[in-house]
Structure formats: structure tokens, C-alpha cells
Amino acid sequence: ILYLFSFRPLIQQIANLRQSEQKVKLEQSRLQSILATMPYGIYIVNQQYDIEYVNPVIEREFGLVSGRKCYAYLHEQNEVCAWCRNPMVFDGKSAQWEWSSPRTGKIYEAYDTPLTNSDGSLSKLKIIRDITKRKKNEELVLLLSSVVEQTADTVVITDCEGAIQYINPAFEHLTGYSKEEAIAQTPRILKSGLHEQQFY
């Protein structure tokens, strides 16, 4: 009986430790699943530029790490990149920026932030998102906007209620109305009163 009473707390403590370990493993597994299913590329790098973790998105974009430093793996450089944000991140600051990869031919939005490890050391957590399609669409919008601005034909854009939202320079030249005068008006401002409704 004395044996049972003296070891019961120890047995209970061991059971509690096992239960805690199972919870930690479950949380680690859940976190790994989240990182694996995210649509963004995620990697962790230490202060020596060693890659500590890459999620499947990064592996699909750049291949297996194979023990390479981050600058060799991501940029095929032999030394630290001139634009590297690591010094700023390891100084405790976050950075958001756009990055063009000659290796993949894509444009990424990148977010770098410090990550404190369980031993108190710092690593850099980087999240990248492919914005190539968005950037190409922005370029197309700028091109089309330039065409509309330069065409000799008048262009007027209204909302559903008919209020003018945009006019091009040809409209200003032909009608004599400036953008400031035309915006928020309706095309009825062009009605001179000299023509019948059928004309309009």
C-alpha cells in the first residue's frame, strides 16, 4: 500500500506528461497542415541564411532546398543579395515589398517579419504571394487608359444613374466642357435646346 501511495503521484505526473506531449504533437500536426494548405509561399531562414522550413508552395516554385543558403536557393546567387531584408528583420522590424524573380519569371509580394524561436533566438518568417497576373492586369489597364486618353474619339463613362464618371480629352475639346464641369453631371449637359428629342 505504501508503495502504491508513494508512486501514485509519479505515475499521475507521467500520465499528464504523456497527455501534454500528445497535445503538442496534435498542435504541431495542425500547424503543419495549415502551412501546407496555405496558397502563399512560406519559409523560415535563420541569421546565417540557412533555410529552416519551406512549405509546399515554395518547393513547387523553387524545388528542393538541398541544404542551400536562401540566396542560393531562391536567387541562384553565390553571396548575400544586395536587397536582402534580413538585417532589418533581425533588428526587429517587418518589411513588405515586391520582388521579381528571374528564376520563375514571376512577381511576388513579399512580407518579412521576425520570428522568435523557443530558445529566444530570432529567425525570419517570409510570406510570398504571386501577384504576376495582377501586375499584368495593372499594366493592361494603364495601356488602355493611355489609349482612351489619346484617342480622337470622345469617350464618356457614366454610372448606372447616368452621372458622368469620366471623360477623355477629346470630349473636352469637342464640347468645351472641362472634366471639373462634366464630372457628376449627366450627358444632358450637352442638350442645347435647339434640337428636338428625336435628334438626341
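Beta carbons closer than 7 Å, at least 6 apart along the sequence or on distinct chains, pair a first residue in the range 92-116 that is farther than 14 Å from Lys135 by Cα and open to solvent by 30 Å² or more (accessible area, probe 1.4 Å) with a second that is among the polar types (S, T, N, Q) and part of a strand (DSSP E or B) for Ser94/Thr113; Tyr111/Gln96; Leu115/Ser123. Got at least one residue in the range 137-158 being of a type in the set (D, E, K, R) and under 30 Å from Val57 (Cα atoms)? Yes; the residues of the range 137-158 include at least one that is of a type in the set (D, E, K, R) and under 30 Å from Val57 (Cα atoms). When Asp119 is tested against the conditions (1) more than 17 Å from Gln48 (Cβ to Cβ); (2) open to solvent by 70 Å² or more (accessible area, probe 1.4 Å); (3) free of Cβ contacts under 8 Å to residues at least 60 places away in the same chain, the lone failure is (1).
Would you mind stating whether Ala36 is under 23 Å from Arg129 (Cα atoms) and not in a loop (DSSP other than H, G, I, E, B)? In short, yes. Every condition in (1) modelled with pLDDT under 75; (2) touching a strand residue (DSSP E or B) at 6+ places or on another chain (Cβ under 6 Å) is met by Ile44 except one, and the failing one is (1). Test Arg129 against the criterion of being touching a residue at least 24 places away in the same chain (Cβ under 8 Å) and open to solvent by 80 Å² or more (accessible area, probe 1.4 Å), and give yes or no. Yes. Counting only helices (runs of 4 or more DSSP H) that sit wholly inside the range 66-170, those with at least 2 residues that are within 30 Å of Ala182 (Cα to Cα), of a type in the set (A, V, I, L, M, F, W, C) and at pLDDT 90 or above are 132-150. Annotation: of all residues in the range 171-185 being surrounded by 14 or more Cβ atoms within 10 Å (Cβ to Cβ) and under 43 Å from the mean Cα position of the chain (by Cα), the one that is nearest to Asp159 (Cα to Cα) is Gln185.
The values are calculated or read from the model by the stated rules, or taken from the named source; none is laboratory data. Everything numeric here is computed off the predicted structure, so don't read it as measured data. Here the Cβ is made from the backbone with ideal geometry for all residues, glycine too, and neighbour counts use every protein chain on show. We work out accessible area using only protein heavy atoms, side chains counted, and drop any ligands, DNA or RNA first. Shrake-Rupley method; radii C 1.70, N 1.55, O 1.52, S 1.80 Å.
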